[in-house]
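See below for the structure under consideration.
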Amino acid sequence: MSKHSDVLVVGAGIIGLTAAWRAACRGLSVTVLDPTPRDGASMAAAGMLAAVCEADFGEPELAAMNVDSAARWPDFAAELEKASRLDVGLRQTGTLTLAFDPDDLAETRRLIDLQHRWGLVSEEISTAQARRISPLVGRVAGGAWMPDDHQVDPRATTRALDAAARAAGAVVVECRAVRLTSASGRVVGAVDAAGVDRTADLVVVAAGVSSTGLLATAGIHAPLRPVKGITLRLAAEPWFDVEPVVRARVQGRAVYAVTRVADESGFREVVIGASSDEKPDDRRVEAGSVFALLRDARAVLPGIDELDLREASPRVRPSAPDNLPYLDASVDGLLVATGHGRNGILLTPLTSAVVDATLDETDLPDVVAPAMMNRHTRIRTEEAS
Ligand code: GLY
């Protein structure tokens, strides 16, 4: 059996649904394939828009993409909320970074120095200043304030994208894509696990770590590795009033806590994250990871001890060898938008702009030039010559 759509999207996470919405709202027919829609990395993500905090040594190109995308979030959220009539939980709260001991403070200062060299806004603050921002801060050596790092609710955003895409006519089919189909050097569709040959004028691959195997069926090299992360969700008591995102370094380990209103009833959650292990998506919640997250989070926010632990969500971050995403429309008939690693939520509006440019046949934003898939083959060729 064969079915045709203008656009076929593989993957119904935050990236795939963004592509589906952008295409469907142009009046194009859109089919989305995913065996378990909205159940990948986006459902575990905490939703930090942490372009400053996540800037790291050796990753200037990723930092530039993160900064670009962070600036796009307000317009993206406004357009999505209008289309879906749902709140996506974008809150301009800033981020408080805490350093547990003097070594953590020294590391925090090194990062502030890097952030300043890259033109990012951050400022060292004392423990007393940190406590003025949140009186719940525990015994720490010091901290920093990042006024431009905000937060959004990933689950609310994914629900809104799903609603907006469907309202514009996109169809989500709960089935896996098993291989891409090509003709004359052009990708022309995908065969799904039910044996349906789905043709399309444009195929968007946004399938997380399984994108690598799917792209390989068309001879395309886009390596991704799974980086497992567990996030915890706790119920925030009324007195647990921590408005900004809190990030901390605790004896060299990173931890964060994001407090938000999580549903229409006013229920407030605290998302604590995240473990980071180079291993596949086994969906296990290791006791040691939960212990380490709670130990480090309560070291800087002791009130966490009193909260009700509701959920632990293990998922994998789809990560390329160099931690850059793949945003690449260089193969005819194909847009690859995957491999967003630690920054899937943050990079969604930039990815949306890449989808728009592909559909409009205009140039992709300059900042995504380093996200081409051929960067790996290019390195191999240069090494060989
Ligand atoms: N961006 C936060 C994380 O990946 O845990």
Inset, instruction - Might you check whether a residue that is part of a helix (DSSP H, G or I), among the basic types (Lys, Arg) and out of contact with any Gly (no Cβ under 8 Å at 6 or more places or on another chain) occurs anywhere in the stretch 272-293? - result: no
Legend entry - Of the criteria (1) within 13 Å of the ligand (Cβ to nearest atom); (2) surrounded by fewer than 19 Cβ atoms within 10 Å (Cβ to Cβ); (3) not acidic (Asp, Glu), which one CYS53 fails: (2)
Legend entry - Failed criterion for VAL178 (all others in (1) surrounded by 17 or more Cβ atoms within 10 Å (Cβ to Cβ); (2) in a strand (DSSP E or B) hold): (1)
Inset, instruction - Read through the list (1) surrounded by fewer than 24 Cβ atoms within 10 Å (Cβ to Cβ); (2) assigned to a helix (DSSP H, G or I); (3) of a type in the set (D, E, K, R), then give the number of the only condition that ARG22 fails. - result: (1)
Legend entry - THR199 touching a His at 6+ places or on another chain (Cβ under 7 Å) and part of a strand (DSSP E or B): yes
Inset, instruction - Take the residues in the stretch 238-287 that are of a type in the set (Asp, Glu) and free of Cβ contacts under 8 Å to residues at least 60 places away in the same chain, then tell me which one is nearest to ASP39 (Cα to Cα). - result: ASP282
Legend entry - Long-range neighbours under 6 Å by Cβ, at least six apart or interchain, first residue at positive phi within the stretch 322-342, second among the aliphatic types (A, V, I, L, M) and assigned to a loop (DSSP other than H, G, I, E, B): GLY339/LEU224; GLY339/ALA320
Legend entry - Single match in ALA46, ALA63, ALA77 (criterion: farther than 21 Å from VAL205 by Cβ and part of a loop (DSSP other than H, G, I, E, B)): ALA46
Inset, instruction - Filter the stretch 269-284 down to the residues that are more than 16 Å from the ligand (Cβ to nearest atom) and basic (Lys, Arg), then identify the one that is surrounded by the most Cβ atoms within 10 Å (Cβ to Cβ). - result: ARG284
Inset, instruction - Could you list all residues from the stretch 234-268 that are surrounded by fewer than 21 Cβ atoms within 10 Å (Cβ to Cβ) and in a strand (DSSP E or B)? - result: ALA235, VAL250, ARG253, ALA254, VAL261, ARG268
Inset, instruction - Please give the number of the condition LEU327 fails out of (1) away from the ligand (no atom under 16 Å from the Cβ); (2) surrounded by 22 or more Cβ atoms within 10 Å (Cβ to Cβ); (3) under 19 Å from the mean Cα position of the chain (by Cα); (4) not in a strand (DSSP E or B). - result: (4)
Inset, instruction - Quickly run through the stretch 338-371 and pick out the residues that are surrounded by fewer than 22 Cβ atoms within 10 Å (Cβ to Cβ) and either of a type in the set (S, T, N, Q) or modelled with pLDDT under 95 (or both). - result: THR362
Legend entry - Complete set of residues in the stretch 300-324 that are of a type outside the set (A, V, I, L, M) and within 14 Å of the ligand (Cβ to nearest atom): SER313, PRO314, ARG315, ARG317, PRO318, SER319, ASN323
Legend entry - the stretch 207-226, residues that are within 16 Å of the ligand (Cβ to nearest atom) and either surrounded by fewer than 22 Cβ atoms within 10 Å (Cβ to Cβ) or part of a helix (DSSP H, G or I) (or both): GLY208, VAL209, ARG225, PRO226
Inset, instruction - Residue by residue through the stretch 285-299, note down the ones that are within 15 Å of the ligand (Cβ to nearest atom) and in contact with a Pro (Cβ under 9 Å, 6 or more places away or on another chain). - result: SER289
Inset, instruction - Answer with yes or no whether VAL204 is within 23 Å of the chain's Cα centre (by Cα) and either within 16 Å of the ligand (Cβ to nearest atom) or part of a loop (DSSP other than H, G, I, E, B) (or both). - result: no
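The values are calculated or read from the model by the stated rules, or taken from the named source; none is laboratory data. Quantities reported herein were computed from a predicted structural model and do not represent experimental measurements. Reconstructed Cβ throughout: ideal geometry from the backbone, glycine too, with neighbour counts over all protein chains shown.
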